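The structure under discussion appears below in the form of structure tokens.
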Amino acid sequence: MAPSAQTKRILVTGGAGFLGSHLCERLLELGHDVLCVDNYFTGRRSNVAHLFDNPRFEIMRHDVTFPLYVEVDEIYNLACPASPIHYQQNPVQTTKTSVHGAINMLGLAKRTRAKIFQASTSEVYGDPFVHPQTEDYWGNVNPIGPRACYDEGKRCAETLFFDYHRQYRLRIKVARIFNTYGPRMHPNDGRVVSNFVVQALKGEPITIYGDGQQTRSFCYYEDLIDGFIRLMDTEDSITGPINLGNPGEFTMEELARTVLELTGSRSKLVYHPLPADDPKQRRPDISKARSLLGWEPCVPLKEGLRHTISYFDQLLSTQNPNAVPES
Ligand code: NAD
Ligand code: UDP
């Protein structure tokens, strides 16, 4: 596509991760110049290797806890490990990534006057007393538990976004993302969908934490990326926070049985202790996204799972488990 007045220079931090790689791809399809920044903590170059030949795509190894000097029109700040096992591996670095990363990216936005998007999370609601979760709920987060590095880091990042908005009139867009899944999740990512699918395909026991009655709402990545771009394109008065997620709600036991049905696997369900502070229920109220963005997810869980299963099936059948199949 030829450069046009609409072509923007867009920075995607965490661009080599699961969601970031799909976002880079989508922005290139829309005709933009994309700079992907990642320290490869949980992301992989192979997630974006198919974009290397595109002259509009550039990749840079960089840790967002350090300042970055580039010229851009828009910033999508996604850098941060999202899986509990990964963000708890080095909790101090997780908080630094969320907080110092936000300060550095907001500083960059302030200097360049770029519009900036924050990948926040439903974890800001903690183990919620309000169900489904609306954006005006302040949440129930344990500030000193093992999930706090992520939850409080993301909450502090939201604070910084709104203070930069009030103090420097920065154009901000804050999305609270609910559990999202799909191709390019890492097979050892540790999150529930990739765990269950990989276990089912390998015929290994399906590890249910607790009694499996806790609930989550699962959004397919394509729907979510569409929501990101719609939010970024709204008028400046719309800052968020806006919930982005699929309102369908399932227990982990239901998810496990659906994965078994779709894979035809005979894996057994095994029950492990529930990790500390694991939220009991989660479902987004997406009225705001519906009215302000005209957005709602359209991929049902079974359909998204079928695509995800076929991705992991291909991945596991290759010699090199780090090779990334077509998605
Ligand atoms: P992911 O782990 O696949 O991607 C995160 C990316 O950030 C990786 O490529 C990682 O290497 C990179 N990264 C981590 N620390 C960094 C640092 N200090 N500097 C530069 N890069 C760094 O996870 P994902 O699911 O793609 O999540 C992307 C974003 O969306 C995260 O901010 C996450 O908190 C948020 N989010 C995701 C979900 C979900 O269900 N997928 C839900 C809520 C919020
Ligand atoms: N979970 C599970 N088995 C697994 C991985 C996760 O039962 O192998 C549960 C986990 O305890 C949580 C839910 O699935 O209740 C979602 O976990 P995930 O790590 O995917 O996301 P989050 O807890 O951050 O929503």
Which entries in Lys154/Lys288; Lys96/Lys202; Lys173/Lys202; Lys280/Lys302; Lys96/Lys280; Lys96/Lys268 show an alpha-carbon gap greater than 30 Å? Lys96/Lys202; Lys173/Lys202; Lys96/Lys268
Skip the ligands, DNA and RNA, and give the accessible area per residue of the stretch 271-316 with a 1.4 Å probe, whole Å². 53 Å²
Across bins of 20 angstrom width beginning at 0, how are the C-alpha pair distances of the chain distributed, in whole percent? 33, 60, 7
Using the Karplus equation 6.51 cos²θ - 1.76 cosθ + 1.60 (θ = phi - 60°), what ³J(HN,Hα) coupling, rounded to whole Hz, does each residue of the stretch 280-290 give in order, writing x for Gly and Pro? 7, 8, 7, 7, x, 8, 10, 4, 5, 5, 4
Rounded accessible area of Leu30 (nearest 10 Å², 1.4 Å probe): 80 Å²
Multiply the residue separation of Thr134 and Glu235 by 0.36 nm, subtract the distance between their alpha-carbon atoms, and state the gained length in nm to one decimal. 34.2 nm
Accessible area of the stretch 170-238 divided out per residue, in Å², using a probe of 1.4 angstrom: 30 Å²
Taking a cut-off of 16 Å, what percent of all Cα-Cα pairs in the stretch 116-193 are separated by more than that? 59 percent
Which residues qualify? For Ile177, with a placed amide H closer than 5 Å and at least 5 residues away or on another chain, they are Ser120, Thr121, Ser122, Leu244
Name the most mobile residue of Arg184, Arg266, Arg171, meaning the one with the largest mean-square fluctuation, in a Gaussian network model of the chain with Cα contacts below 10 Å. Arg266
To the nearest 10 degrees, how steeply does helix 91-112 sit against the main Cα axis of the chain, on a 0 to 90 scale? 30 degrees
For Thr42, which sequence-distant residues (separation of 5 or more, or a different chain) have an amide H within less than 5 Å of its own amide H, given hydrogens modelled in the peptide plane? none
Using only the heavy atoms of the protein chains and a 1.4 Å probe, how would Phe52, Phe218 rank by accessible area, largest first? Phe52, Phe218
Given a 10 angstrom Cα cut-off, can you work out which residue in Thr258, Thr65, Thr94 is the most mobile in a GNM of the chain? Thr258
Under Karplus coefficients 6.51, -1.76 and 1.60, residue-wise ³J(HN,Hα) of the stretch 72-85 in Hz, glycine/proline x: 9, 9, 9, 10, 9, 9, 10, 4, 3, x, 10, 8, x, 5
Springs between alpha-carbon pairs under 10 angstrom, Gaussian network model over the chain: which of Glu135, Glu204, Glu235 fluctuates most? Glu235
Carbon and sulfur together cover what percent of the accessible area of the chain at a 1.4 Å probe radius? 51 percent
³J(HN,Hα) across the stretch 181-194 via Karplus (A = 6.51, B = -1.76, C = 1.60, θ = phi - 60°), whole Hz, x for Gly/Pro? 9, x, x, 6, 5, 6, x, 9, 4, x, 6, 5, 5, 5
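The values are calculated or read from the model by the stated rules, or taken from the named source; none is laboratory data. Quantities reported herein were computed from a predicted structural model and do not represent experimental measurements. These accessible areas exclude ligands, DNA and RNA; they are computed on the full protein's heavy atoms, side chains included. Shrake-Rupley method; radii C 1.70, N 1.55, O 1.52, S 1.80 Å.
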